[in-house]
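Nothing in this text is a laboratory measurement; each read-out follows from the coordinates by a stated rule. This is a predicted model, so every value here is computed, not measured. Cβ: placed from backbone, ideal geometry, glycine included. Neighbour counts: every protein chain shown.
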Amino acid sequence: MLPQLPREPIRPEREQLPDDKEIWQPDWRCFCCQDTGTISQNLSRSIVPDYDPHRDKRPACQHPRCEAGRLLRGDFNYDQRFTAGICSQLDALAREDWRNTVKAQQKRLVNLNCVKSLRQRPRTPDEEVLAYHKHQAALAEANSVRVVPQMEEVVDA
Ligand SMILES: [Zn+2]
């Protein structure tokens, strides 16, 4: 029974496929306000197209399960018109956006690894011949190096 060994890769760093941990993805509970209580300029503009963050009240998040938004509810320093229904839709929209972003990043990383592994293709016949000659030359060199100490031993004797 011969011993069984695992593979010993020449380039271990190229063996690792990217996993989700390498890709940053948000862990917000509320994607409508990113747990800040107020809705970002981008999302706000999908409801108020000409929303001006310098002149308009910042919309408060009214997503039914949003803790941060709950603190701003009824505070008229903030735009209170973004209802629970609107915020739920914005939350779903932002989640979908992030899912797509993460998917695109994963795809890019996998492609990157494919490009890397292409360079690890087997040798072409020409490269095989070249490698053989290099190997023979190295062997000859090794042999000639070994000859020298033998001659010195002869001289010593
Ligand atoms: Zn929220």
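Figures for the structure shown
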| quantity | calculated |
| --- | --- |
| Within-15-Å neighbourhood charge of residue 33 [Cβ basis; K, R +1; D, E -1] | +2 |
| Potential extension, residue 52-residue 23 segment - 0.36 nm per residue separation minus Cα distance | 7.2 nm |
| Where labels lie 7 Å past Cα in the beta-carbon direction, separation of residue 71 and residue 88 in nm | 2.5 |
| Under 5 Å, built H, 5+ apart or other chain: amide partners of residue 79 | 58, 60 |
| Neighbour-count order for 134, 57, fewest beta carbons within 10 angstrom listed first | 134, 57 |
| Spin-label model distance (nm) - residue 112 vs residue 128, 7 Å beyond Cα toward Cβ | 3.5 |
| R0 of 22 Å, Cβ-Cβ distance residue 14-residue 104: FRET efficiency to nearest 0.05 | 0.45 |
| Quarter of the Cα convex hull surface for region 26-117, i.e. its orientation-mean projected area (nm²) | 7.1 |
| Region 10-104, dipole about Cα centre (Lys/Arg Cβ +1, Asp/Glu Cβ -1), debye to the nearest 20 | 220 |
| Region 26-117: relative contact order as a whole-number percent, Cα under 8 Å and 6+ apart | 28 |
| Placed amide H near residue 38: partners under 5 Å, 5+ positions off or other chain | 61 |
